[in-house]
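The values are calculated or read from the model by the stated rules, or taken from the named source; none is laboratory data. Computed from a predicted model, the values in this text were never measured in an experiment. Methodologically, a virtual Cβ is constructed for each residue, glycine included, from the backbone with ideal geometry; neighbour enumeration extends over all protein chains shown. Note: accessible area is taken over every heavy atom of the protein model, side chains too, but ligands, DNA and RNA are not part of it. Shrake-Rupley method; radii C 1.70, N 1.55, O 1.52, S 1.80 Å.
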Amino acid sequence: MLIALTRGVSPTLGNCELQELDRQPIDIAKAIEQHRRYERCLEELGARVLALPADPRFPDGVFVEDPALVLDEIAVMTRMGAASRRGESESIATALAEFRSLTWIHEPGTLEGGDVMRIGETLYVGASLRTNGEGIRQLREVAAPFGYQVTAVPVHGCLHLKSACCYLGDDTIIANRAWIDASVLAGFRILNIPEDEPRSANVLRVGDTLILPEAFPKTRKLLENSRYHVRTLDLSELAKAEGAVTCTCILFESATSSR
Ligand code: CIR
């Protein structure tokens, strides 16, 4: 069964970490409603939503993608580059321990789940301000016994690798080439996002559907013209916290599998 692990929106979301954006007031009630619709969308697409309660201690707790990377065989608990967020890991670890054995990234390594784009047995990992070389090295070490290769991708001008590119399946990646050197992705078909929608490369595939914020109509058209089935959601308040569609859940099959 496909599980989507989520966490409710913290009432303190307005104090979130920000890297590339200026702070704007966030309407918490609206953020909660938008997040609820996001969870409903995941359910409609066939996922069982496992929702952790909001935790006022952690403004960014809703962005559950960053504290963990769930592979088919194990879960890697990351050590987030944003120190204010590290306390989020405990409850995520407890939830994931029901499904996978856990392994942890240790100091001085840092790694955030938003920096990891998995394509088959390759983990592309953003070398960003949140993920350092030691975090990438440790991930390579823990993932290698299960047959994964790790390829580092320098990221500039955005928060995470998956702010710059996401895998859509069928050897296709949607990307903002201004933020990554796309030469490491040679061999894939690259869909270039429209220049005036630079934050639209963060797209979440669930089954055969792509979820995209409704703020990106040109990107929607691009995807639909490429024959993808797209669902859009209003995520305006989470976007002010530098979040988008992949960062707000961890999607994984409940059973472990070895490949
Ligand atoms: C942060 O800066 O950590 C949060 N405000 C946003 C995290 C978004 N995470 C993601 O895209 N994977």
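If you run the Gaussian network model on the chain, springs between alpha carbon atoms under 10 Å, then out of K240, K162, K221 the most flexible one is K221. Between S101 and R227, what is the label-point separation in nm under the 7 Å Cα-to-beta-carbon projection? Between R227 and S101, the simple spin-label model gives 4.3 nm.
Heavy atoms of the protein chains alone define the surface here; on that basis the stretch 113-255 has 41 Å² accessible area per residue at 1.4 Å probe size. Between K30 and S84, the contour length at 0.36 nm per residue exceeds the Cα-Cα span by 17.0 nm.
A straight chain from S254 to R37 at 0.36 nm per residue would run longer than the Cα-Cα distance by 75.8 nm. Is it possible to state the helix-based mean residue ellipticity at 222 nm for the chain, with each DSSP H run of 4+ residues giving -39500 (n - 2.57), the sum divided by total residues, to the nearest 500 deg cm²/dmol? What is it? Value at 222 nm, helices only: -6000 deg cm²/dmol. Accessible surface for the stretch 6-105, divided over its residues, is 43 Å² per residue with a 1.4 Å probe.
At q = 0.10, 0.16, 0.17 Å⁻¹, what is the base-10 log of I(q)/I(0) for the chain according to the Debye formula with one equal point scatterer per Cα and no solvent? Please give it to two decimals. The calculated log intensity ratios at q = 0.10, 0.16, 0.17 Å⁻¹ are -0.44, -1.28, -1.49. Here the accessible area is traced with a 1.4 Å probe on the protein chains. For the stretch 2-253, carbon and sulfur cover 49 percent of it. Entry note, the chain: relative contact order of 23 percent, from Cα contacts under 8 Å with a spacing of 6+ residues. For the stretch 167-208, the mean projected area of the C-alpha convex hull, equal to one quarter of the hull surface, is 3.1 nm². If you run the Gaussian network model on the chain, springs between alpha carbon atoms under 10 Å, then out of L21, L52, L235 the most flexible one is L21.
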